[in-house]
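Trainee: Right, I'll just put the structure down here and ask away after.
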Amino acid sequence: MGRVDVRQRLARNLRRLREAKGWSQEKFAFEANVHRTYVSDIERGARNPTITVVEKLAAPLGVTASDLLAN
């Protein structure tokens with residue numbers, strides 16, 4: 001009902017943390033060792049990444065996977 005979909009929470013948190021570092025999607029993708037279009041898809045909520053990928057995204061941001069999924 002009032003809850004935000006987990007993909008939207010991930011998208012919002014990922015974008016916020018990436019931008020706080022001043023990183024472009026391309027720079028972040030390089031740091032996380034994923035393709036830039038994959039980062040774009042996640043930030044748009046168009047992908048449903050595995051928890052392994054969420055951990056991979058969290059590492060260069062200096063946060064945990066649960067931080068990326070938090071409200």
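Where a number appears in this text, it was derived from the coordinates with a stated rule and is not lab data. Given the structure is predicted, the values throughout are model-derived calculations rather than measurements.
Trainee: Based on DSSP H runs of at least 4 residues, each adding -39500 (n - 2.57), what is the mean residue ellipticity at 222 nm of the chain after dividing by all its residues, to the nearest 500 deg cm²/dmol? Intermediate values should be presented prior to the final figure.
Mentor: Details: 5 runs with 47 residues, N = 71.
Here the helix-only value at 222 nm equals -19000 deg cm²/dmol.
Trainee: Still on this model: Provide the per-residue ³J(HN,Hα) series for the stretch 10-19, in order, calculated from phi with Karplus coefficients 6.51, -1.76, 1.60 and θ = phi - 60°, each as a whole number of Hz, with x at glycine and proline positions.
Mentor: 4, 4, 4, 5, 4, 4, 4, 5, 4, 5
Trainee: I've got another one for you. How far is helix 51-61 tilted, in degrees, relative to the longest principal axis of the Cα atoms in the chain, given as a value from 0 to 90 rounded to the nearest 10?
Mentor: Helix 51-61 sits roughly 60 degrees off the main axis of the chain.
Trainee: Reported to two decimal places, what Rg/Rh ratio describes the chain when computed on Cα atoms with Rh from the Kirkwood expression?
Mentor: Details: Rg = 11.0 Å, Rh = 11.8 Å.
Rounded to two decimals, Rg/Rh equals 0.93.
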